[in-house]
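The values are calculated or read from the model by the stated rules, or taken from the named source; none is laboratory data. Note that the structure is predicted; figures quoted are calculated from it, not measured. Neighbour counts are summed over all protein chains in view; Cβ atoms, including those assigned to glycine, are modelled from backbone coordinates with ideal geometry. Heads up: the accessible areas ignore ligands, DNA and RNA and are worked out on the full protein's heavy atoms, side chains in. Shrake-Rupley method; radii C 1.70, N 1.55, O 1.52, S 1.80 Å.
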Amino acid sequence: MPLNEADTCRTYVLPRLYSAGWEDTQISEQKSFTDGRIVVVGNRAIRRPQKRADYLLRYRRDFPIAVVEAKAVYRTAGNGLQQAKEYAQILGLKFAYATNGHSIIEHDFLTGLDNEIQNFPKPSELWDRLRAAENISESVGERLLTPYYHLSGKSPRYYQEIAINGAVQAILQGKKRVLLTLATGTGKTVVAFQVCWKLTNSRWNRVGEYRRPRILYLADRNILIDDPKDKIFAPFGEARHKIEGEAIKSREMYFAIYQALAKDERRPGLYREYPRDFFDLIVVDECHRGSARDESNWREILEYFEPAFQLGMTATPLREDNRDTYRYFHNPLYIYSLRQGIDDGFLAPYRVHRIVSTVDAAGWRPTPGEVDRYGREIPDSVYGTPDFDRLIALKSRTEAIARNLTDFLKKSDRFAKTIVFCVDQEHAEEMRRVLNNCNADLVMQYPDYVARVVSDEGDIGRSHLGRFMELETTTPAILTTSQMLTTGVDVPTCKNVVIVRTINSMTEFKQIIGRGTRVRDDYGKLFFNILDYTGSATRLFADPDFDGDPVQVTEEQMDASGETIGEPTVVEEQVPVELDELPPGTGLTFDDEAPPPRKYYVDAGVVEIAAHLVYELDADGRRLQVKKFTEYTAESVRSMYPSAAELRTKWSNAAERAAIIEALEAKGISFEELAEASKQPDADPFDLLCHVAYSAPIRSRRERAEAARNGGKAFFDKFTNGARDVLNELLEKYVEFGTAQFQIPDVLKVPPISRHGNVIEIADFFGGPDQLRHAVGELQKLLYTA
């Protein structure tokens, strides 16, 4: 009997790798390197298969160098080469091999050549070829192979390995400025730590008199340095130090925010108290946030420490609003995008709900002479979304949004962790108050159910944030904020990101989205929702530079109470509209004689929700156009089965029916959602598919069961009274619950069928277990031919 792929691996491939000098510690067999893309199916999620290499070869434990794909012995080796090349490109490797156990084909990315070879190369041979091609000297190579820190029990993911080894190699080879672009939630801090660890332990800076390397980890917010210092960088032990007010020079791993080092009114800058060549390496976290801008005061710090190697870390690809970052650090050494993270299953996909109030849709204009809460006359103008809660605060709009959000949570999960991004700190407090009152029933039991986290809150706000970030805490469940939580906050279980302010920067938008992209399978967090009340997400998703499309975007209408009106509608992509393209008249104009008030406050009036859009992607990440869920399902079914007759033939068989359901789920299609969208809760799944795909008349499960009884008299007459009773009760189970109730023997253990006896006794009605299963199979065929 011909050997299959697994037999080929055991019988031929492993022995040939051993004979070439590869040891077990260098061979990772059946190595999965992705988690499998998450596909949202209705209100649940499933994972697609992981990407898995037959063999991943490592020159050292932390330095992968080649991938091997094996095919069954009866196939040609070339059948596996394309897959081997694809995996090698994903993994950043230069050598790919395909084999059927007898023949071996090598693809060398360094030369672009495919060659059939007699034996696998030795580990040292591949290392020497790589060194020669990439000009890796012996001393650089020795330091490049310095091990990672593994005592945490977690090994870096494949893309982190690429980033770590690439950055270390670049620095060792003398590249003074290095930039890594890694999407939010993909572990930039882990990458930075491992880079620092490898460089420190390789003594890469050793020249003349020996000393250990001195490294500065630099960011613009305390939370961005305190958390890494205390957690991920903990293995550096007593070598760590946070610079605050005094230029301590006795440590090796330093942490600082720009503000602590920069010049101010009192002194020219603490950084000047260090020699210019004091630091060997500076890691700049979130480097797009101003430090590299030509006119930035913080830029002076980087220029002062010009002798040091500088590693920039950012989550945002090149755009106009961060061009200075790329000009300073140059092109990124490696990019791992939001889309790649979602495709690999390391980041959570998301649904976008675009919710539009009446005043956001049509604008708001005061009546002549109308005054605000404090008796000030409101200047006559048409105010739009960018003005709300920045120039004019409409109490009724805030209340409508809060009621709508509360209603959304009541329909899903009221304790799902939710972050609400507001215009400013004042707006965040108003939103907190209204959300508190909308959820007073929970606040009675959980006083901190809704909390505000802004800079003005100080330690109280940080305490709320700390509990919010913990995995096991229930409250606070909702945080309102303005700018404070846009970056540096890791909330793995955040399920809702709510946007109540206009966002114009793609950089800021991606950081806000990043609050929800973490995945926690063990806590049921596999996707999240974005509730967009300002149109920012819709507009920025349509930007051609955006690299991580949503799973779904819906548009809903809501009334003055915040209740949703009608059904959500799936809509096509929106054309980006810049703020300077908004109609004239939007915003306030003031008399030059007096300074304008900060904001006008309007307590009167009624605001309703006018529309609610849901943006949906298919399971392959392509954005759906203007089509309903039923239309998407119809296209998917017709692509699999051109006719209803072909679908019926497959569906009547239980095993094939299960395969069809699994295939549809992999496309993001659930029958619960399809029944709801079609408004046919009692229809059989088969009839739903035929109705939406082939325009067949819909039939309820009751109608199909009665047709089976009436048209299958000869079938039922073959059995004794006891067997007929069981079959009829199975039909009633089907009417109530669907085809899932044909699972044998489970369904035999529940009333009313269980009243006939145990499973063996019920099987005896039919002449034994095999005859029972055959009868149930025939009943199912009868259901779909009747």
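State whether the residues of region 493-511 include one that is out of contact with any Gly (no Cβ under 7 Å at 6 or more places or on another chain), part of a helix (DSSP H, G or I), free of Cβ contacts under 8 Å to residues at least 60 places away in the same chain and hydroxyl-bearing (Ser, Thr, Tyr). For region 493-511, residues out of contact with any Gly (no Cβ under 7 Å at 6 or more places or on another chain), part of a helix (DSSP H, G or I), free of Cβ contacts under 8 Å to residues at least 60 places away in the same chain and hydroxyl-bearing (Ser, Thr, Tyr): absent.
Would you point out the residue of region 306-341, among those that are crowded, with 21+ Cβ neighbours inside 10 Å and of a type in the set (Val, Ile, Thr), that is modelled with the lowest pLDDT? Ranking the qualifying residues of region 306-341, first place goes to THR325. Across region 764-778, what is the total count of residues that are crowded, with 17+ Cβ neighbours inside 10 Å and within 44 Å of the chain's Cα centre (by Cα)? Adding up the residues that qualify gives 1.
For region 408-466, a tally of residues being basic (Lys, Arg), open to solvent by 40 Å² or more (accessible area, probe 1.4 Å) and modelled with pLDDT of 90 or more returns 4. Does LYS198 satisfy the condition of being closer than 23 Å to TYR336 by Cα, touching a Ser or Thr at 6+ places or on another chain (Cβ under 7 Å) and basic (Lys, Arg)? Considered against the rule, which asks whether it is closer than 23 Å to TYR336 by Cα, touching a Ser or Thr at 6+ places or on another chain (Cβ under 7 Å) and basic (Lys, Arg), LYS198 comes out as yes.
A search for C-beta distances below 8 Å between a residue of region 35-51 that is under 12 Å from GLU662 (Cβ atoms) and open to solvent by 10 Å² or more (accessible area, probe 1.4 Å) and any residue that is at pLDDT 85 or above and not aliphatic (A, V, I, L, M), counting only pairs 6+ apart in sequence or on different chains, returns ARG48/GLY36; ARG48/ARG37; ARG48/GLY345; PRO49/GLY36. Among the residues of region 149-179, just one is part of a loop (DSSP other than H, G, I, E, B), touching a Ser or Thr at 6+ places or on another chain (Cβ under 9 Å) and under 24 Å from ALA96 (Cβ atoms), namely ARG157. Scanning region 16-34 for residues that are polar (S, T, N, Q) and either free of Cβ contacts under 8 Å to residues at least 12 places away in the same chain or under 30 Å from ALA663 (Cα atoms) (or both) yields GLN30, SER32, THR34. Scanning region 56-85 for residues that are part of a loop (DSSP other than H, G, I, E, B), under 24 Å from TYR336 (Cα atoms) and open to solvent by 40 Å² or more (accessible area, probe 1.4 Å) turns up just one, ARG61. As a summary of the residue check, GLU5 satisfies the conditions (1) more than 22 Å from LYS154 (Cα to Cα); (2) out of contact with any Lys or Arg (no Cβ under 9 Å at 6 or more places or on another chain); (3) open to solvent by 30 Å² or more (accessible area, probe 1.4 Å) except for the one numbered (2). Scanning region 347-384 for residues that are polar (S, T, N, Q) and at pLDDT 90 or above, we see that the one that is least open to solvent (accessible area, probe 1.4 Å) is SER381. With respect to THR189, determine if the residue is open to solvent by less than 10 Å² (accessible area, probe 1.4 Å), touching a residue at least 60 places away in the same chain (Cβ under 8 Å), outside any loop (DSSP other than H, G, I, E, B) and on the phi < 0 side of the Ramachandran plot. So THR189 does not fit the description; no. Of all residues in region 84-105, those satisfying the criterion of being at pLDDT 95 or above and of a type outside the set (A, V, I, L, M, F, W, C) are LYS85, GLU86, TYR87, GLN89, GLY92, LYS94, TYR97. Here THR406, THR418 are screened, and the one residue that is hydroxyl-bearing (Ser, Thr, Tyr), out of contact with any Ser or Thr (no Cβ under 8 Å at 6 or more places or on another chain) and under 18 Å from HIS464 (Cβ atoms) is THR418. The set of residues in region 46-93 that are farther than 22 Å from ASP24 by Cβ, basic (Lys, Arg) and in contact with a Leu (Cβ under 9 Å, 6 or more places away or on another chain) contains only ARG47.
When the residues of region 678-697 are filtered to those that are open to solvent by 50 Å² or more (accessible area, probe 1.4 Å) and not hydroxyl-bearing (Ser, Thr, Tyr), which remaining residue is nearest to LEU772 (Cα to Cα)? Only one residue tops the list, namely ASP682. The set of residues in region 648-699 being assigned to a helix (DSSP H, G or I), within 19 Å of PHE737 (Cβ to Cβ) and either among the β-branched types (Val, Ile, Thr) or touching a strand residue (DSSP E or B) at 6+ places or on another chain (Cβ under 6 Å) (or both) consists of ILE660, ILE661, GLU665.
Scanning region 746-763 for residues that are within 39 Å of the chain's Cα centre (by Cα) and surrounded by 14 or more Cβ atoms within 10 Å (Cβ to Cβ) yields a single hit, VAL747.
Of the residues making up region 398-406, at least one is under 24 Å from ARG598 (Cβ atoms), at pLDDT below 95 and touching a strand residue (DSSP E or B) at 6+ places or on another chain (Cβ under 6 Å). Taking region 140-160 as the range and being open to solvent by 60 Å² or more (accessible area, probe 1.4 Å), more than 18 Å from TYR55 (Cβ to Cβ) and of a type in the set (Gly, Ala, Ser) as the test, the residues that pass are SER152, GLY153. Within region 512-522, being open to solvent by 10 Å² or more (accessible area, probe 1.4 Å) and either touching a Phe, Trp or Tyr at 6+ places or on another chain (Cβ under 8 Å) or part of a loop (DSSP other than H, G, I, E, B) (or both) holds for ARG518, VAL519. Applying the condition of being closer than 23 Å to LYS679 by Cα and basic (Lys, Arg) to region 698-745 and asking which residue is most open to solvent (accessible area, probe 1.4 Å) yields ARG702. Could you tell me whether ALA723 is of a type in the set (Gly, Ala, Ser), part of a helix (DSSP H, G or I) and modelled with pLDDT of 90 or more? Taking the combined requirement at face value, the residue satisfies it.
Considering only residues of region 86-105 that are under 21 Å from ARG60 (Cα atoms) and out of contact with any helix residue (DSSP H, G or I) (no Cβ under 9 Å at 6 or more places or on another chain), which is least open to solvent (accessible area, probe 1.4 Å)? Don't jump to the end; show me each part of the working.
In the first step, residues of region 86-105 are kept if they are under 21 Å from ARG60 (Cα atoms); the result is 87-97.
Then drop every residue that is not out of contact with any helix residue (DSSP H, G or I) (no Cβ under 9 Å at 6 or more places or on another chain), which leaves 87-89.
Values: TYR87: 23, ALA88: 0, GLN89: 125 Å².
For region 86-105, the residue satisfying everything is ALA88.
Between a first residue in region 337-360 that is among the small types (Gly, Ala, Ser) and a second residue that is in a strand (DSSP E or B), which pairs have beta carbons less than 7 Å apart while being 6 or more apart in sequence or on different chains? Taking only residues 6 or more apart or on different chains, the pairs are GLY345/ILE38; GLY345/ARG47; ALA348/ILE38; ALA348/LYS525; ALA348/PHE528; SER357/ILE609; SER357/ALA610. For GLU116, indicate whether it is in a strand (DSSP E or B), open to solvent by less than 70 Å² (accessible area, probe 1.4 Å) and charged (D, E, K, R). In short, no.
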